Amino acid sequence: MQDCLFCKITKGEVASETLYEDEIVKVFLDINPSTNGDCMIVPKKHVVTIEDLDDELILHMHKIALKMKALLTEKLNCAGLTIAINNGYGQDIKHFHMHLTPRYQDDELTHSFNTQNLLPITEVKKQILS
């Protein structure tokens, strides 16, 4: 896609702080990091949502996520890693990508959600399985 920022980054048309690259994906630091080492795994092929991925691509991204976790743990001494994928609503850039956010003791990152309108868990299960 011509106007896709991630396509431009993977092609080298827009600069990035690249941590890893192969013929299938590029891993680069997030320009708006939540923690030190916050990065993204982005396929070079333009795919928009998880439904657009083939098994080979998602498996490759999983393998690279494991490599990056080991690298970030070794080099940055993080205590854990949050892996996130936004799909559809909440996906700011319409190019599938995987966020890797290193977690540190006392990093104070929280993911608070508005829980006021949630149904009882048993009702949600019933709706899903009906």
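Just so it is clear, none of the values below were taken in a lab; they were calculated from the coordinates. All values derive from a computational prediction rather than experimental measurement. FYI the Cβ positions are ideal-geometry reconstructions off the backbone, even for glycines, and counts take in every protein chain you see.
If we count every other residue with Cβ under 14 angstrom of His60's Cβ, Lys/Arg +1 and Asp/Glu -1, where does the sum land?
-1
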Expressed to two decimals, the stretch 5-129 has a Cα Rg over Rh, using the Kirkwood radius, of 1.02
Taking placed amide H atoms and a strict 5 Å upper bound, the residues 5 or more places from Tyr104 or on another chain that come that close are Ala79
Whole-Å distance linking the alpha carbon centroid of the stretch 1-20 with that of the stretch 32-69 is 14
Along the dipole axis of the chain (charges at Cβ: +1 for Lys and Arg, -1 for Asp and Glu; origin at the Cα centre), the most positive-end residue among His62, Val42, Gln2 is His62
Burial-style ranking of 45-56, 65-76, average other-beta-carbon count within 10 Å with highest first, yields 65-76, 45-56
For the stretch 5-129 the mean separation of alpha carbon contacts under 8 Å (6+ apart) over residue count, i.e. relative contact order in percent, is 24
Here the gain from full extension of Ala70 to Leu5, 0.36 nm per residue of separation minus their alpha-carbon distance, amounts to 20.7 nm
Of the stretch 24-43, those with amide N under 11 Å from the point 7 Å along the Cα→Cβ vector of Val14 are 31
Measuring from its Cα centre, the stretch 5-129 shows a charge dipole (+1 at each Lys and Arg Cβ, -1 at each Asp and Glu Cβ) which, in debye to the nearest 20, is 140
